[in-house]
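What follows is calculated from the coordinates using simple rules that are stated; it is not laboratory data. Please read all numbers here as calculations on a predicted model, not as lab measurements. Cβ sites come from the backbone with ideal geometry, for glycine too, and all protein chains shown count toward neighbours.
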Amino acid sequence: MTDLRLAEAVVPPEPRNYHGVNWAGFQTLYLREVRRFWKVGMQTLAAPVVTSLLYMMVFVVAAQGARPPVHGVAFGTFVAPGLIMMAILNNAFANSSSSLLQAKMNGLISDFLTPPLTPPEHVAAFALGAATRGIAVGLVTGLVILPFAHVPITHVWAVLYFGLGAAMILGLLGVMAGLWAEKFDNMAVVTNFIVMPMTFLSGTFYLVDRLPEPFRTGSHYNPFFYLIDGFRYGFIGHAEGSLFTGVLMVAGLVVALTSVCLWMFETGYKIKT
């Protein structure tokens, strides 16, 4: 009997099987993330739209006629895609990060870990839920600011690729931040010192090529610059940076951030005691 117990003790645990997908569990978690922000639509959908309208009032309407065209288009047309992308970025990040952090602080994180869901299913559900919110807010923002700026679509592929890519990247970044943070102060550090500065310093309201050095060169190392630049290219047909670099960067970031999120869930980083 002793030998049998020793043999059982040294048998390594079976590796996780990622081949079979728990579609019901994945769908449930995804719908939970979507319904979570949909229930408070005034906060998650209406509030960002009001913020974008205020930006349009300050940077476009109030200065109408005082700002020259940019790349052959009106200044409002130049700014509008950047505002839409800002809404996508901020809301995708907020959805996944707040969901995980609130669950941790309320002692409910076990509700996510108890069901038979693998780390890929967890990551996909949280990231896609966040991307859904980002895209929804982006669509509503685009419809609302349309009366203030004529925004044509010249390259649909760029709008879809960079829009969806940005939503996934910030959704995954939100997952990482939500798992890492232990209190709202930690999340405020990520939001105020990483996400917001990178968003505003990415050429949303200006041409980065007009910045003095070293800020001009530094802007080309900002991933958010390529997201906004590629997204804007889909509307006005002109890009400041390299589209090829932007396409590769989006794909590379999605793969890299997904790998980090998988590792965090697999190891139980700050969620298993």
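ARG133 versus (1) touching an Asp or Glu at 6+ places or on another chain (Cβ under 9 Å); (2) over 19 Å from THR199 (Cα atoms): which is the lone unmet condition?
Evaluating ARG133 over (1) touching an Asp or Glu at 6+ places or on another chain (Cβ under 9 Å); (2) over 19 Å from THR199 (Cα atoms) leaves (2) as the failure.
Buried (at least 17 other Cβ atoms within 10 Å of the Cβ), out of contact with any strand residue (DSSP E or B) (no Cβ under 6 Å at 6 or more places or on another chain) and touching a residue at least 40 places away in the same chain (Cβ under 8 Å), is that true of ILE153?
Numbers: buried (at least 17 other Cβ atoms within 10 Å of the Cβ): no; out of contact with any strand residue (DSSP E or B) (no Cβ under 6 Å at 6 or more places or on another chain): yes; touching a residue at least 40 places away in the same chain (Cβ under 8 Å): yes.
Taking the combined requirement at face value, the residue does not satisfy it.
Out of the residues in the range 213-241 meeting the condition of being among the β-branched types (Val, Ile, Thr) and in contact (Cβ under 8 Å) with a residue 60 or more places away in the chain, tell me which one is surrounded by the fewest Cβ atoms within 10 Å (Cβ to Cβ). I'd like the intermediate steps shown before the answer.
Step one: filter the range 213-241 for residues among the β-branched types (Val, Ile, Thr), giving 217, 228, 236.
From the residues that got through so far, the ones that are in contact (Cβ under 8 Å) with a residue 60 or more places away in the chain too are 228, 236.
Details: ILE228: 29, ILE236: 21.
Among those that are among the β-branched types (Val, Ile, Thr) and in contact (Cβ under 8 Å) with a residue 60 or more places away in the chain, it is ILE236.
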